[in-house]
Amino acid sequence: MEKYITIKGARENNLQNINAKIPKNKITIITGVSGSGKSTLAFNTLYAEGQRRYVTSLSSYARMFLGVMKKPDVDSIEGLCPAISIDQKAMGSNPRSTVGTTTEIYDYLRLLFARIGTAHCPECGRRIQKQSADSIISNFLSKENINGRPLLVLSPIIRSQKGEFHELFRTLFRQGYSRVIVDGQMHKTKEEINLEKNHKHEICIVIDRLEVKSKSNDFLFRLKQAIDKACSEADGLVILRVQEGRKHEDYAYSKKYACIKCNINIPEYSPRMFSFNNPFGACPECQGLGFKIDFDEDLVIPDKNLSIAEGAIAPWSSKSTTTYYIQKLKSVGSYFGFDIHTPIKKIPRDKLDVILYGSKGIAIKTLYHHQKNAGSWTTFSPYEGVMPNLRRLLKDTKSEYVKNKIMKFIREKRCPLCNGKRLKKEVLCVKILDQSIMDICEMPIRKLLVFFQTIGAKISMQELKIAERIISEITNRLECLEHIGLSYLSLSRMTKTLSGGETQRIRLATQIGTNLSGILYVFDEPSIGLHARDNNKLIQMLKKIKDNDNTIVVVEHDRNMITESDYIIDLGPGAGIHGGKIIACGSPREIISNENSITGMYLKDIYKIKTPQVRR
Ligand SMILES: [Zn+2]
Ligand SMILES: [Zn+2]
């Protein structure tokens, strides 16, 4: 394998037919004043050619999507490897992606929650455990005052359902079940059982009748069989009814995740349930976005001192709409008891709700007067309301003008159902050490790292065994993010709100996580916006990538970074047509002793390059 990437005759933009050698598996810094051609050499020549070769190696079908890339103006590049550029451009425009999803940490969290999360009932909050017949038995036998008492093992097949269930009783009889308990009454399945069709009923199959003998192996064996049978009939549920004279005590258990008290079943959880990009997990109200866009009351009625007649309702205050809607609202007002001349702030809330959200189907008689020809007509129809009217208009209108006009009244609001947490309620009720997956995503990475560094001591040995690898993957990635100075971010932070520098560093952290080798990485001023301490960490990260047999090319001004590199290409001497030449190249030591190199002098502290004001 060649030891160098050899560029011959590069003439892209202002490059002046230059030749350069970039050592493989080393860190090369391209320096020079702003506009000297650094980015042209790194991105528009080296990376562009790497990408172009990659794309031409793909099938023609794939190329259709990627488009044809122009060959950079260069005679030849030898020894080029697959290239990845890590620049500061925003990451896609997917409104759903977050720091967590981009770094893949969220994928590991989903796995972790599916493996060791504990479910809680979304209604009453009690912990829900999946149990085996054995754990049900040991829990049951720990109850007091049950020994020696009659026990019914019941399978609750119908819970709060309307119907007559004739067919069900016949089937149960054929299957050999002789007794059922219907709405608290014991019946024999061979007899006719008549139920009120429109009432809700509770039906349990009597699986077995026993006497509790906790020391008897016979009893334990039969109980286990009965529990298994009951659970298989009733979707995982079993009720153990201990009788005492005419009274009885019920102990309900579930082999699945279910709150028997609230009659809520939680599906078996899988990683996809924890994804807000998947309908299984996403909040149904906002489809997993966490926010909704809707018309905002404060934008629709910006000045509450005005009355309706004075144009308080902004979308209806233009001349063409006023007369019509005001006449309607006048009639609505006389029906519901408000006046269109009263300032909005003095109209009670329930009446304002009618104005904003409509008469809810109540038809209102309205007499309309035509302004110009003095004609009039009467209608008898429900009043739609400002908000529904705007929503309908937005949905139906084909006119960009109308759309732009009413978009002014729209605001992004936190989803009222999930409260911005993007997932279904029952998914958010699955917790690890009292934290839901979204609680975890909302912690700053600094705090989250501590959470995962100490989690091993807080969960059970068994859980640790199941989750150890996942936890170490998560911890590694969090450490990467901390190392590049992003520990103040949270995993739930939307990537679209990150700065260019933050975006680049997140990409960098993700690359380290992927452990690729044989790659050419091209970076654009990764040190921008970093404190000195974080800058050192960044350099360590780049070295880590290099040690994985990768080649790194960095466009950079930062002195620390330059002195820590293996090789320097100094472009110049000036900008634009005065640049584009290689002034010096070599190791930092060689550059320092090169009299021609501005960078060399800079490194020697003789000469300071002004930090460019405008980035190219
Ligand atoms: Zn419950
Ligand atoms: Zn929601």
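Only residues that are exposed (fewer than 13 other Cβ atoms within 10 Å of the Cβ) and over 26 Å from Tyr257 (Cβ atoms) were counted across the range 148-169, and they come to 3. Scanning the range 211-242 for residues that are touching a residue at least 60 places away in the same chain (Cβ under 8 Å) and exposed (fewer than 14 other Cβ atoms within 10 Å of the Cβ) yields one hit, Glu211. Scanning the range 257-295 for residues that are within 16 Å of ligand 1 (Cβ to nearest atom), in a strand (DSSP E or B) and more than 18 Å from Arg110 (Cβ to Cβ) yields Ala258, Cys259, Ile264, Asn265.
If the condition is being open to solvent by 10 Å² or more (accessible area, probe 1.4 Å) and within 16 Å of ligand 2 (Cβ to nearest atom), then the range 93-116 contributes Pro95, Arg96. Identify, from the list Ile445, Ile459, Ile432, Ile410, the residue that is under 16 Å from Arg110 (Cα atoms) and away from ligand 2 (no atom under 15 Å from the Cβ). Every option except Ile432 fails the conditions. Inside the range 184-210, residues that are part of a loop (DSSP other than H, G, I, E, B) and loosely packed, with under 13 Cβ neighbours inside 10 Å make up a count of 9. The set of residues in the range 406-439 being closer than 16 Å to Pro122 by Cα and part of a strand (DSSP E or B) consists of Leu423, Lys431, Ile432, Gln435, Ser436.
Test Ala119 against the criterion of being touching a Phe, Trp or Tyr at 6+ places or on another chain (Cβ under 6 Å), away from ligand 2 (no atom under 16 Å from the Cβ) and closer than 30 Å to Val427 by Cα, and give yes or no. Yes.
Inside the range 538-558, can you point out the residues that are in a helix (DSSP H, G or I) and either at pLDDT 90 or above or buried (at least 17 other Cβ atoms within 10 Å of the Cβ) (or both)? Of everything in the range 538-558, those that are in a helix (DSSP H, G or I) and either at pLDDT 90 or above or buried (at least 17 other Cβ atoms within 10 Å of the Cβ) (or both) turn out to be Leu538, Ile539, Met541, Leu542, Lys543, Ile545, Lys546, Asp547. With respect to the conditions (1) at pLDDT below 90; (2) within 16 Å of ligand 1 (Cβ to nearest atom); (3) closer than 30 Å to Glu196 by Cβ, Gln161 lacks only one, and its number is (2). Within the range 130-144, restricting attention to residues that are touching a residue at least 40 places away in the same chain (Cβ under 8 Å) and part of a loop (DSSP other than H, G, I, E, B), the residue that is nearest to ligand 2 (Cβ to nearest atom) is Lys130. Within the set Ile157, Ile203, the sole residue that is under 20 Å from Asp250 (Cβ atoms), out of contact with any helix residue (DSSP H, G or I) (no Cβ under 7 Å at 6 or more places or on another chain) and hydrophobic (A, V, I, L, M, F, W, C) turns out to be Ile203. If the condition is being surrounded by fewer than 18 Cβ atoms within 10 Å (Cβ to Cβ) and farther than 16 Å from Leu538 by Cβ, then the range 491-525 contributes Met494, Lys496, Thr497, Thr514, Asn515, Leu516, Ser517, Gly518.
Annotation note: Cβ proximity below 6 Å between a residue of the range 339-365 that is farther than 12 Å from Ser307 by Cα and a residue that is part of a helix (DSSP H, G or I) and β-branched (Val, Ile, Thr) (sequence gap 6+ or interchain) occurs for Leu356/Val386; Ile364/Val332. Among the residues of the range 373-402, those that are part of a loop (DSSP other than H, G, I, E, B) and either of a type in the set (Gly, Ala, Ser) or within 18 Å of Asp353 (Cα to Cα) (or both) comprise Ala374, Gly375, Tyr383, Glu384, Gly385, Ser399.
Here the range 256-276 is the region considered, the condition is being at pLDDT 85 or above and surrounded by 16 or more Cβ atoms within 10 Å (Cβ to Cβ), and the residue that is farthest from ligand 2 (Cβ to nearest atom) is Pro271. Of all residues in the range 213-238, which are under 43 Å from the mean Cα position of the chain (by Cα) and either more than 16 Å from ligand 1 (Cβ to nearest atom) or modelled with pLDDT under 85 (or both)? Lys224, Ile227, Asp228, Lys229, Ala230, Cys231, Ser232, Glu233, Ala234, Asp235, Val238, listed by residue number. In the set Arg422, Arg477, only one residue is surrounded by 17 or more Cβ atoms within 10 Å (Cβ to Cβ), more than 30 Å from Tyr257 (Cα to Cα) and more than 16 Å from ligand 1 (Cβ to nearest atom); that residue is Arg477.
Residues are listed down the side, and each one gets a yes or a no for (1) assigned to a strand (DSSP E or B); (2) within 16 Å of ligand 1 (Cβ to nearest atom); (3) among the hydroxyl-bearing types (Ser, Thr, Tyr):
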site	(1), (2), (3)
Ile77	yes, no, no
Arg96	no, no, no
Ala119	yes, yes, no
Glu123	no, yes, no
Gly148	no, no, no
Tyr177	no, no, yes
Val180	yes, no, no
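Given the condition outside any helix (DSSP H, G or I), within 16 Å of ligand 2 (Cβ to nearest atom), charged (D, E, K, R) and under 36 Å from the mean Cα position of the chain (by Cα), answer yes or no: does some residue in the range 296-311 qualify? Scanning the range 296-311 turns up no residue that is outside any helix (DSSP H, G or I), within 16 Å of ligand 2 (Cβ to nearest atom), charged (D, E, K, R) and under 36 Å from the mean Cα position of the chain (by Cα).
Checked against the criterion of being in contact with a strand residue (DSSP E or B) (Cβ under 8 Å, 6 or more places away or on another chain) and farther than 24 Å from Arg126 by Cα, the range 252-261 contains not a single residue that satisfies it.
The values are calculated or read from the model by the stated rules, or taken from the named source; none is laboratory data. Quick caveat: nothing in here was measured; it's all calculated off a predicted structure. Positions of Cβ are generated from backbone atoms using ideal geometry, with glycine treated the same way; all protein chains shown enter the neighbour counts. We work out accessible area using only protein heavy atoms, side chains counted, and drop any ligands, DNA or RNA first. Shrake-Rupley method; radii C 1.70, N 1.55, O 1.52, S 1.80 Å.
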